Ligand code: ISL
């Protein structure tokens, strides 16, 4: 039988440094703040920290626009502090995974500055430049952040491609010098002691030959050309080459996770097939789009639970034999799960946060916890468009206004889906800025920090934090959580989420009532099963034989007798 890689039983914690903890009073989180909070991570019990970008950056997209891959932005601290963070994590038995943003750089990266300087510059071909006669753009692709994916550079008359912000020009991965430069940079980080990479939009790096137009969409000048550049023609080749060049046979020591918007389960199987040596796991997006309608990202339609269950279980099934899933509810681009798929009414907040944690952590894959999720942090009560800070939200609102679209619907969509929901400061305590900073926070602290904060939870065995700690501990202790096959039960049920895990000698049952009303539970096969973990004080220790009732948002994990 195969031996699982170390990361199969690991839990990863994501830090978005700008919003985690501020040590110097400038209102922006930094490395000093993280170093001072390592006890929090150790007490939670996570194995790995994934750190969103701290590299030098003009911050057009909060650090996902990097101008120097081998230095730390002064906003966040110094390379010495990064070393200190690595050492501090290693001393506590934790690892550090860096963000790798190499689909694009900042337009202020010296590579792009050179590339833009003239059509004959040796680095011209490091980016994607095309003629733009009389300003006519090379194709109809739209940027993720609104407007065209091309900007005409006045000095040379050519346009450069940027799938995201105009300050995030796409690198040309067709050029072997670009690939070699990225590999060298990655080796430099490994030499510094980091333990892997989370690879930003890594399935966008291989653009289709000829950069063809996307099929036109009526009423849209620029089209999301997703289907053309996601999982492009040479992406598998590039990833396999990266593994060879960077990890050189030592890949098993590290963790690589590729962020892959639009990836299908079938393709994810290929990306994560260990025999292909591309990436260990991917971040897929299917389950975090189930509440979005066809119009655009902010077309909020609400949750239909069976759709969410079917999606996650389809992924469980697809990667059951080959490949590996990552499991996440949240990251810095997603609204807070307790508000999104749970119930953030104070009466149900704690139960729903812990129920959702239970169903996710019971699945097969590597769980990711996004900062504040372990406290049950909620969406921010946005009262108007002026409160959004994210470039995506700001541009979207400008477009809604310019085109005279439905403002009421747009505000609802922004409030539910905006990335700013994830980016409000971590709530450490009940003090005025939640213990995040002594200065003025760059983004408003959620007013509910007066009762929802770490200080109120870490020593309370009934807290959301304590429940996450127990789930993480279970994953470390029970091989069935790592290995066990997953079988869903009643996927069409509107509020019950149930599935089993099984190995040759053990069976586990995970059940959750994803609603406020009590729910009768009758699973005859499981009568006599022993409660392993529950999220409410009143969980029944043994299931059945009489019909059992799950309270609103109650979740339980049972082991078979
Ligand atoms: O939130 C999104 C825009 O609608 C997502 O599509 C997001 O842009 C996509 O998941 C890629 O995200 C990553 O790359 C972006 C960066 O803005 C995100 O923060 C990052 O996670 C560009 O680097």
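Put simply, when 36-45, 537-546 are sorted by average Cβ atoms within 10 angstrom per residue, most first, you get 36-45, 537-546. Of the beta bridges in region 41-165, as assigned by DSSP with both residues counted there, near 70 percent are antiparallel. Give the order of 424, 412 when sorted by the count of other beta carbons within 10 angstrom, beginning with the fewest. Neighbour counts put them in this order, fewest first: 412, 424.
Taking the DSSP bridge list for the chain and keeping only pairs wholly inside it, about 60 percent are antiparallel. Taking 1.567 mPa s as the viscosity and 4 °C as the temperature, the Stokes-Einstein diffusion coefficient of region 321-420 based on its alpha-carbon Kirkwood radius rounds to 86 µm²/s.
Specify the angular offset, from 0 to 90 degrees and rounded to the nearest 10, of the alpha carbon long axis of helix 391-402 from the longest principal axis of the alpha carbons in the chain. Computed tilt is about 70 degrees. The alpha-carbon atoms of region 386-469 define a convex hull whose volume equals 112 cubic angstrom per residue. Neighbour counts of other Cβ atoms within 10 Å put 47, 317 in the fewest-to-most order 317, 47. Within region 125-263, antiparallel bridges make up roughly 60 percent of the DSSP beta bridges whose residues both belong there. Between helix 407-417 and the chain there is an angle of about 70 degrees, using the helix long axis and the longest principal axis of the Cα atoms. Using Cα atoms only, what is the angle between the long axis of helix 464-477 and the major principal axis of the chain, expressed in degrees (0 to 90) to the nearest 10? It works out to around 90 degrees.
Semi-axes of the equivalent ellipsoid of region 484-559 are 19, 15, 11 Å, computed as sqrt(5λ) over the eigenvalues of the C-alpha gyration tensor in descending order. Of the two radii for the chain, the radius of gyration is 0.96 times the Kirkwood radius, both from the alpha carbons; that is the Rg over Rh value. Listed from fewest to most Cβ neighbours within 10 Å, the set 12, 400 follows the order 400, 12. Considering only Cα atoms, the convex hull volume of region 110-161 works out to 80 Å³ per residue.
Read-outs throughout are calculated quantities, based only on the coordinates presented, and are distinct from any laboratory measurement. All of these numbers come straight from a predicted model, not from anything done at the bench. Quick reminder, even Gly has a Cβ in these numbers, built from the backbone with ideal geometry, and neighbours come from all protein chains shown.
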